[in-house]
Amino acid sequence: QSVLTQPPSASETPGQRLTISCSGSSSNIGSNTVNWYQQLPGSAPKLLIYTNNQRPSGVPDRFSGSKSGTSASLAISGLQSEDEADYYCAAWDDNLNGWLFGGGTRLTV
Amino acid sequence: EVQLMESGGGLVKPGGSLRLSCAGSGFPSTRYAMDWVRQAPGKGLEWVSSITQSSSYIFYADSVKGRFTISRDNAKNSVYLQMNSLRAEDTAVYYCVRVRGQQLARVGPNWFDPWGQGTLVTVSP
C-alpha cells in the first residue's frame with residue numbers, strides 16, 4: 001500500500017479539464033517537493049512536473065502542478081486522447097529516508 | 001542526447017543473484033546521483049535505491065535492504081545493482097534514473113530525469 005494516496009482511475013472527455021490528487025503526510029509532501037511522472041502504455045515513465053509546479057521543456061502548458069500542505073495536485077486542461085496514461089506523484093520521505101510514489105492514476109480520455 | 005541503458009535482467013530462481021548494469025551517455029556521470037526504481041507487472045512504481053555522485057551517501061528501500069547493493073563506476077559512466085537472495089516479489093522491470101537538482105532529496109528538491117527503458121527481472125522456480 002502506497003503512503004502517497006492517489007485515485008486509482010480518472011476519466012474525462014476530450015477538451016475538458018481534470019485534476020488528479022496526491023495525499024501524503026508531514027514527513028513527505030509536507031516537508032519536501034512533489035514530482036509527477038507520466039507513463040504512456042508500454043513505455044518507461046517520463047518526468048512531467050518537478051518541484052511542485054515546474055514543467056520540463058517539451059511538456060505542454062496544459063499540464064500544471066500545485067502543492068498545499070500535505071497534498072499535491074496535477075491538473076490537465078484541454079484533455080487529448082494522447083494524454084491517456086498512468087500518472088504518478090512522488091516525494092521524498094524524511095522518516096523513511098527514501099522516495100515514495102503514489103499508487104498511480106490511470107487516466108482515460 | 002542523454003540516455004540510460006539498463007542490462008543484466010533475466011530469469012533467476014528464488015534465492016539466486018543477479019547484477020544489473022546501467023550505462024549512461026550524453027552527460028558526465030560524476031555530476032549526478034543515480035537511482036533504481038522498479039515496477040512489478042501490472043503494478044505501480046517503487047523506489048529501490050539511491051547513490052550520490054561520489055558514493056558518499058547510499059539509501060535503500062526497506063524491502064531490499066540487506067539483500068541489494070548499489071554501486072557505481074564513474075570512469076565507466078555506469079551504475080550497478082547487485083541483487084542477492086532474490087524473492088518472487090522482486091519480479092519487476094528495473095529502471096535506472098538520473099537524479100537532477102540536489103544530490104540529496106533531504107537537502108533540496110530533486111527529481112528523476114531521464115529514465116532508462118528498463119530491464120525485466122523474473123524470479124521464479
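Observations, loosely collected:
- Part-to-part distance (alpha-carbon centres) for segment A:45-76 and segment B:58-98, which is given in Å: 28
- Net charge in the neighbourhood of B:Asn74 (other residues with Cβ under 14 Å of its Cβ; Lys, Arg +1, Asp, Glu -1) is +3.
- Model label points for B:Glu89 and B:Ser71, set 7 angstrom from Cα along the Cα-to-Cβ axis, are 2.7 nm apart.
- Since only B:Thr119, A:Tyr87, A:Thr19 are under comparison, the one whose Cα sits farthest along the positive direction of the charge dipole of the protein assembly as shown, derived from C-beta charges on Lys, Arg, Asp and Glu, is B:Thr119.
- Peptides B:29-39, B:1-11, A:37-47 ordered by average Cβ neighbours within 10 Å, highest first: B:29-39, A:37-47, B:1-11
- Overall form of segment B:23-78 per C-alpha gyration tensor (a/c, 1.5; a/b vs b/c): oblate
- Net charge dipole, chain B: roughly 200 debye, given to the nearest 20, about the Cα centre with Cβ charges of +1 for Lys and Arg and -1 for Asp and Glu.
- Approximating the spin labels as points 7 Å out from Cα along Cα→Cβ, the B:Glu1-to-B:Lys13 distance works out to 4.1 nm.
Every number in this text was worked out from the coordinates using simple rules, so none of it is lab data. This is a predicted model, so every value here is computed, not measured. With ideal geometry, Cβ positions are generated from the backbone for all residues, glycine too; neighbour counts draw on all protein chains shown.
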